[in-house]
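Worksheet for the structure shown next.
The values are calculated or read from the model by the stated rules, or taken from the named source; none is laboratory data. Just so we're clear, the structure is a prediction, and the values are computed from it rather than from any experiment. Glycine also receives a Cβ, built like all others from the backbone with ideal geometry; neighbour counts cover every protein chain displayed.
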Amino acid sequence: MQQPVLKARYTAVAQLLHWVIAGLIATQFALAWTADDLPLGMHKLALLARHKSFGMTVLMLAVLRVIWRLAHPPPALPGDMTSIERVLAKTTHTAFYVLLFVMPITGWLMSSAKNYSVSWFHLFTWPNLLAPNETAFKYLKSTHDYLSDVLLAVVVLHILAALKHHFWNKDDVLKRMLPFTGDRKP
């Protein structure tokens with residue numbers, strides 16, 4: 001049976017940014033959860049340094065992703081989506097973009113407030129954005145932790161929606177973000 005030709009797809013660059021950022025977010029959760037369970041020591045500090053490096057990578061890729069998206073609008077949503085599904089899709093994508101910036105920035109501010117440097121894979125160190133301030137650190141840490149829960153919820157909702165489109169609606173919403181599926185022509 002011949003696969004239907006996909007009518008609209010994300011560009012290869014958009015797909016690459018999507019999947020690299022998705023992988024980095026999964027890595028971020030794994031690093032944070034692993035570090036949380038460790039006593040203070042060299043292993044925990046090394047994991048947190050990696051967490052910061054990957055977080056700053058997400059921030060840099062988020063900038064590229066926004067620039068790319070402004071120049072290359074995404075494919076239209078399927079015409080048979082209900083108005084609530086459209087609102088949820090737009091809200092979820094907006095939440096992702098906001099969180100891709102706010103999560104690394106709150107982490108960077110949190111580190112600055114504690115006077116912990118944020119290096120990028122030991123290649124260079126980002127400047128501190130705040131003077132040391134324990135009250136700011138505590139506020140930023142709780143904000144960062146809360147937003148990580150929000151991000152996890154948005155990720156789960158996004159995955160469930162993609163699976164619903166693929167298995168229930170049987171449309172091409174999931175396939176248009178998957179590389180190597182269907183015709184590359186718009």
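Here the condition is being surrounded by 11 or more Cβ atoms within 10 Å (Cβ to Cβ) and closer than 30 Å to Leu178 by Cα; of Thr82, Thr106, Thr57, it holds for Thr57 alone.
Being under 22 Å from Ala153 (Cα atoms) and either polar (S, T, N, Q) or at pLDDT 95 or above (or both) is the requirement here; does Leu109 meet it? Answer is no for this residue. Within the span defined as region 62-73, every residue fails to be surrounded by 16 or more Cβ atoms within 10 Å (Cβ to Cβ) and touching a Lys or Arg at 6+ places or on another chain (Cβ under 7 Å).
Taking the criterion of being within 23 Å of Phe124 (Cα to Cα), in a helix (DSSP H, G or I) and small (Gly, Ala, Ser), the residues of region 39-92 that qualify are Ala46, Ala49, Ser53, Gly55, Ala62. Over 15 Å from the mean Cα position of the chain (by Cα), assigned to a helix (DSSP H, G or I), free of Cβ contacts under 8 Å to residues at least 60 places away in the same chain and surrounded by 14 or more Cβ atoms within 10 Å (Cβ to Cβ): is that true of Thr143 in this structure? When the stated conditions are applied, Thr143 passes them.
Residue pairs whose Cβ atoms lie under 7 Å apart, sitting 6 or more positions apart in sequence or on different chains, and linking a residue in region 122-138 that is closer than 18 Å to Met56 by Cβ to a partner that is modelled with pLDDT under 95 and not hydrophobic (A, V, I, L, M, F, W, C), are Thr125/Ser117.
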